[in-house]
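S.K.: Below you will find the structure I want to go over with you.
Readers should treat all values here as calculations from the given coordinates under stated rules, not as data from a laboratory. Given the structure is predicted, the values throughout are model-derived calculations rather than measurements. Neighbour counts are summed over all protein chains in view; Cβ atoms, including those assigned to glycine, are modelled from backbone coordinates with ideal geometry.
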Amino acid sequence: MAFYFPTKRLIIRPWRESDRPDFERMVLDPDMMRYINGRPWDDAQIDEFMQRQRHHMAQHGVCFGACQSIESDAVIGLAGMQPIDSGEFEIGWWVWKDYWGQGLALEALQPFLTHARNMALGKLLAVIDPPNSASIRVAEKLGMHFDRTVPANQTIASRGDKLVAIYELTL
């Protein structure tokens with residue numbers, strides 16, 4: 001069964017093929033991608049992301065899903081959980097830049113904290129580019145704490161050997 005998490009302003013759900021234009025808008029925007037991998041994505045990266053999320057849904061019942069605005073029906077970000085190479089789960093979020101500073105990331109992630117507890121996960125991790133102070137604030141508001149810095153190529157992040165910060169939340 002696919003997850004479907006309504007919040008006050010959002011619906012977080014698996015991706016649909018019709019979401020691709022909204023997703024492309026995000027991953028083609030340099031401001032949005034600054035802390036993801038530093039540059040816009042090409043079609044192959046978009047296809048790989050979508051395929052990976054379908055796989056996570058099939059295997060684990062969760063993924064980095066689409067955040068759909070209840071007000072406009074547009075996809076304005078992503079939020080969710082995905083397994084990482086260590087066998088642990090990463091919680092992640094992006095919010096379209098027109099919606100930054102409105103608390104939407106925290107709102108979108110709350111159902112996943114509950115879901116992670118229901119899955120009996122012991123902890124969640126977040127992979128954050130260290131200069132991304134906004135994401136660090138979100139992680140801290142979720143109750144996460146800085147754990148370590150590792151080369152990105154040791155995570156699912158596609159940032160080569162650039163250092164990323166790992167934040168952790170014990171559930």
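S.K.: List, in order, the whole-Hz ³J(HN,Hα) value for each residue of segment 138-146 obtained from phi through the Karplus relation with A = 6.51, B = -1.76, C = 1.60 and θ = phi - 60°; use x for Gly and Pro.
M.R.: Rounded to whole hertz, the list is 4, 4, 5, 5, 6, x, 7, 10, 4.
S.K.: Give the separation of the Cα centroids, segment 1-65 to segment 92-171, in Å.
M.R.: Distance between centres, Cα-based: 15 Å.
S.K.: So, one more: Quick one: P(r) of the chain from all Cα-Cα pairs, 5 Å bins, percents rounded to integers, in order of increasing distance.
M.R.: Percent of Cα pairs in each bin: 1, 9, 18, 23, 24, 18, 7, 1.
S.K.: Pulled fully out, how much extra length does the chain show between Asp161 and Gln110, if you take 0.36 nm times their separation in residues and subtract their Cα-Cα distance?
M.R.: 15.3 nm
S.K.: Follow-up question, since we're still on this one. At 222 nm, what helix-only mean residue ellipticity would the chain give, in deg cm²/dmol to the nearest 500, using -39500 (n - 2.57) for each DSSP H run of four or more?
M.R.: Calculated at 222 nm, the ellipticity per residue is -9500 deg cm²/dmol.
S.K.: Related question: Can you list residues from other chains, or at least 5 along the same chain, whose modelled amide H is less than 5 Å from the amide H of Asn37?
M.R.: none
S.K.: Another question, then. Any idea which of Gly38, Ile128, Gly103 is furthest toward the positive side of the dipole for the chain, if Lys and Arg beta-carbons carry +1 and Asp and Glu beta-carbons -1?
M.R.: Value: Gly103.
S.K.: Let me ask another. Provide the per-residue ³J(HN,Hα) series for segment 15-24, in order, calculated from phi with Karplus coefficients 6.51, -1.76, 1.60 and θ = phi - 60°, each as a whole number of Hz, with x at glycine and proline positions.
M.R.: Result, rounded to whole Hz: 6, 10, 4, 5, 7, 4, x, 5, 5, 4.
S.K.: Continuing with the same structure: Want the number for Asp47 to Ile84: 0.36 nm per residue separation, take away the alpha-carbon distance, what's left?
M.R.: Full extension of this stretch gives 11.5 nm more.
S.K.: Taking H placed 1.01 Å from N in the peptide plane, check which residues at least 5 places from Gly65 or on another chain put their amide H under 5 Å from its amide H.
M.R.: Those qualifying (amide H under 5 Å, at least 5 residues apart or on another chain) are Ala79, Gly80, Met81.
S.K.: From a point 7 Å beyond the Cα of Arg25 in the direction of its Cβ, which residues of segment 72-99 have a backbone N at a distance under 18 Å?
M.R.: Under 18 Å, as judged by backbone N against the label point of Arg25, lie 72-79, 94-99 of segment 72-99.
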